[in-house]
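Written out below as structure tokens is the structure these notes cover.
The numbers here are math on the coordinates, done by the rules we state, and not lab data. For clarity, every value in this text was computed on a predicted model and none was experimentally measured. Neighbour counts run over all protein chains shown; Cβ positions are idealised from the backbone, glycine included.
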Amino acid sequence: MNNALITGASEGIGKAFAQELASRKTNLVLVARSADKLQALAKQLQEQEQITVEVIPLDLTAPGACQQLYQRVSELGIEIDLLINNAGFGDYGAFATRKLAKQLEMIQLNITAVVELTYLFLREMQQRQQGAILNISSIAGFQPLPYLSTYAATKAFVLSFSESLWAENRSTGVKIMAVCPGPTESNFSQVAEFPQSNNSPSKATPAIQVVKEALQALENNQSTVVTGGFANQVIVNLPRFFPRETLVNLLEKQFRSN
Ligand SMILES: NC(=O)c1ccc[n+]([C@@H]2O[C@H](COP(=O)([O-])OP(=O)(O)OC[C@H]3O[C@@H](n4cnc5c(N)ncnc54)[C@H](OP(=O)(O)O)[C@@H]3O)[C@@H](O)[C@H]2O)c1
């Protein structure tokens, strides 16, 4: 891959993608809201790896932001051959007690921006008959999750959407893959406002491991990859063995904070 665009590149999994791809000499376009963090990362990676890194600070939930991003990349004359739709967040708590605005912003970032950026960049990849799109879903996309209800539903969307596009694009030369991490070291838990008891860092996989597993799965042309080891494989297979109501009740007990 020559040029990768990563959304949510200022922290966590997106930052680890930037570091790993830079070490493989891929030029980068980095997107997130925190311009200062992106600039610092870009400077470091350019100096270390002698690659080109463009920084485009944007709030992807703002009206017209995805179109603006696409236009800016076109003006820079960069052909994106790897798009990583990674920016996303969750929100922990009983649905009706949480802020509606945060749920709607989550849908905008986790779903709408993913659909819009995929649409904009996929068509030119198809014309060139090469390229890849990684959409970051989650193991939460495989079953409903009480107290993360909107989040799990957004990730189910991303998983379903990506798998359909993988199949549609098998003859176009473009690879589409859903990456489904389990708990991963990042700012996710703080942003989601998890209670401390549900936020044990010992269970989390390093972000760089998620990235390496994802890039290997992309090479294997997989439609989906569940990263982070055997426990996560078990979790995503639970819906095969339990009736839906039984499983969602078990998960309600597991995820309840008291
Ligand atoms: N960590 C986990 O346990 C886990 C598990 C499964 C899936 N995931 C998924 O992995 C992806 C990355 O999350 P993470 O764990 O790395 O979390 P993170 O450390 O909180 O990183 C989220 C990134 O998204 C950016 N972002 C947030 N809102 C944005 C907006 N409105 N516009 C543009 N960028 C925005 C953030 O940067 P700014 O704040 O600078 O904008 C940051 O770079 C998400 O899609 C998440 O759902 C995470």
Residue list for the range 168-181, restricted to those being more than 12 Å from the chain's Cα centre (by Cα) and part of a loop (DSSP other than H, G, I, E, B): Asn169, Arg170, Ser171, Thr172, Gly173
Provide a single number: the residues in the range 134-167 that are touching a Gly at 6+ places or on another chain (Cβ under 6 Å), farther than 21 Å from Lys102 by Cα and not in a helix (DSSP H, G or I). 0
Could you figure out which of (1) assigned to a helix (DSSP H, G or I); (2) surrounded by 22 or more Cβ atoms within 10 Å (Cβ to Cβ); (3) aliphatic (A, V, I, L, M) isn't true of Ala96? (2)
What tally of residues in the range 86-108 results from selecting those that are more than 16 Å from the ligand (Cβ to nearest atom) and hydrophobic (A, V, I, L, M, F, W, C)? 4
In the range 215-230, anything more than 13 Å from Thr184 (Cα to Cα) and either of a type outside the set (S, T, N, Q) or touching a Phe, Trp or Tyr at 6+ places or on another chain (Cβ under 7 Å) (or both) is listed as Leu215, Ala217, Leu218, Glu219, Ser223, Val225, Phe230
Six or more apart or on different chains, Cβ under 8 Å: which pairs go from a residue in the range 36-63 that's among the acidic types (Asp, Glu) to one that's within 12 Å of the ligand (Cβ to nearest atom) and assigned to a loop (DSSP other than H, G, I, E, B)? Could you list them? Asp59/Arg33
Would you check which residues across the range 170-196 are surrounded by fewer than 20 Cβ atoms within 10 Å (Cβ to Cβ), more than 21 Å from Val226 (Cα to Cα) and either aromatic (Phe, Trp, Tyr) or more than 16 Å from the ligand (Cβ to nearest atom) (or both) and list them? Ser171, Thr172, Gly173
Residues to consider are Leu60, Leu69, Leu45, Leu41; find the one that is part of a helix (DSSP H, G or I) and touching a Lys or Arg at 6+ places or on another chain (Cβ under 9 Å). Leu41
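Quick one: is Ala9 under 15 Å from Asn187 (Cβ atoms) and either outside any helix (DSSP H, G or I) or more than 13 Å from the ligand (Cβ to nearest atom) (or both)?
For Ala9, the condition - under 15 Å from Asn187 (Cβ atoms) and either outside any helix (DSSP H, G or I) or more than 13 Å from the ligand (Cβ to nearest atom) (or both) - is met.
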Picking from Leu76, Leu83, the residue that is among the hydrophobic types (A, V, I, L, M, F, W, C), within 15 Å of the ligand (Cβ to nearest atom) and either in contact with a strand residue (DSSP E or B) (Cβ under 8 Å, 6 or more places away or on another chain) or on the phi > 0 side of the Ramachandran plot (or both) would be Leu83
